[in-house]
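Inspection log for the structure reproduced underneath, given as structure tokens.
The values are calculated or read from the model by the stated rules, or taken from the named source; none is laboratory data. Keep in mind that what you see is a predicted model, and the values were worked out from it rather than measured. Cβ atoms come from the backbone with ideal geometry, glycine included; neighbour counts cover every protein chain shown. Side chains are part of the model used for accessible areas, which takes the heavy atoms of the whole protein and leaves out ligands, DNA and RNA. Shrake-Rupley method; radii C 1.70, N 1.55, O 1.52, S 1.80 Å.
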Amino acid sequence: MTRNPAPPSARTDRILARWSARMLAVLAALAMTVQPVAAQGGMSILRDAETEQLLQDMVDPLAEAAGLGEGAVDVVLVNDNSINAFVAGGQRIFVHSGLINAADSANEVQGVLAHEMGHITGGHVNRYSEGAGNAAKISLLSMVLAAAAALAGSGDAAMGVMAAGQQAAMGSFLSFSRVQEASADAAGAQFLSDAGISGRGSLAFFEKLQNLEFRHGVSQADDREYSRTHPLTGNRLARLREGYEADPAWNAPGDPEIEERFQRVKAKLYGFLAPPERTLTFFPESMTSDPARYARAYAYHKEARVEQSLDEVNALLEHDPDNPYFLELKGQVLLESGRVDEALDPLRGATRLTNANPLIASMLGHALLATEDRSHLDEAETVLRAAVGRDRENPFAWYQLGMVYGMRGDIPRARLASAEQQIMSGNPQAALVSAQSAEAALPSGSADWIRAQDVAMQARAQLDEQRSRD
């Protein structure tokens, strides 16, 4: 006995239903591919004054070479041990801490920054929708052709058309992505050349990536490039090497000051992020270089071995007494160890030497408040206002400034500072309440009153966005 086939209309409906489901899956896959930072929403940003200044000094010559100007591009450090960097729209480059750890020199990191600068100047993030749109058109066309085949009674042919269309759509987008990557490679090489920076580091870093691919068994065969978002690393190396070695900057020496600072920052990040026992194994006490002492100072501090941490910092300061970041670390160790009064002088020195760097000034303001001495309120307000004036995206400074206003009894401004802190900490509902409360009590038309309205508007926009996602 055999089962009677379903009527053509019902069978076609089922086929079309399966196609629709597959089409949604393809479009969802494309959406995930073309929004590279959508999954970065929960990323953890590392803020450190010394590291941020170093990265800024490394990217500025490249920004100048790209015609954007000094200070036009920001570099943000992400707490992620993978070897990666990316742009997310605008003129901001995100660099993973794992990339800093993997790089052997500042020149290698500059090679990565130059490549990402190529994405910025090429407008590649904004053009991702173009690649996705072309792929979606191919998918939709294949769906129409498949539907026609199904209606003609050829279900198998319809499924084949749909499968081929899906493959063509994804291939179209991957090809688009590879073209953008190759374009960024070429632009980055030009920016390095125009800045007089050697491409040796860029090649060295690509070789690291290639070795990583070898270890993970990633095929380097030419026919595998079709399924990749990036060109084959070996092919990229071959193209770049030819240009770099012919470039006048190929033999240009690296900046020794930048390199020295990079090695300190790399060790500092390692000491801050790695488990103390690993840091102390990697940087044993027999190593007396500044980077080794820097890393051990953080490791000892994390283990509450205060005197050993201070011994390392004091050795650094003996070698370079006016280094603001060594002073900052000494103040941090003392402050977080409960020796608040002792922390004030090194933090004041670090704040003065960096012209009130917002992160360092915030720590000084915190230390001044932690003394619980009301005579320090004026100084605390001055340094904290300077901090938020230079970096409004500093929730810790806003929180401390709110405490200053609260201790003075200036509740409206305390609530406005709380609103600033809450909006940057991802709490728009609390920010809206605080901003509305501040607005109601502040003098109408004053700068703070206008700012309270701005924060409230920003909070409403965030709440609307949350509701639309839900």
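What the table below lists for this structure:
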item: Solvent-accessible area per residue, Å², over region 37-96 with all protein chains present [probe radius 1.4 Å]; result: 42
item: Rounded FRET efficiency, nearest 0.05, which uses the C-beta distance separating Ala304 from Ser44 and R0 of 22 Å; result: 0.40
item: Spatial separation of Cα centroids for region 386-427 and region 65-101, in angstrom; result: 27
item: Sequence ranges 200-208, 406-414, 443-451, ranked by mean other-Cβ count within 10 angstrom, highest first; result: 200-208, 406-414, 443-451
item: Cut-off under 5 Å, modelled amide H: who pairs with Leu46 long-range; result: Leu77, Val78, Asn79
item: Rounded FRET efficiency, nearest 0.05, which uses the C-beta distance separating Asp378 from Thr281 and R0 of 45 Å; result: 0.45
item: Carbon/sulfur fraction of accessible area - region 306-361, other protein chains in place, 1.4 Å, %; result: 43
item: Surface accessible to a 1.4 Å probe, Ser425 within the full protein complex, Å²; result: 70
item: Probe 1.4 Å, all protein chains present, accessible-area order of Lys330, Lys268, largest first; result: Lys330, Lys268
item: Alpha-carbon centroids, region 252-269 and region 272-325: separation in whole Å; result: 17
item: Protein-only accessible surface order, largest first, of Thr382, Thr279, Thr354, Thr121 at 1.4 Å; result: Thr382, Thr121, Thr354, Thr279
item: Signed unit charges on C-beta, dipole axis of region 231-314, positive-most listed residue Thr281, Val265, Asn235; result: Asn235
item: Assigned charges on the beta-carbon of Lys, Arg, Asp, Glu; region 260-348 dipole about Cα centre (debye); result: 420
item: Test item: Cα-centred dipole of region 362-440, Lys/Arg +1 and Asp/Glu -1 on Cβ, debye; result: 140
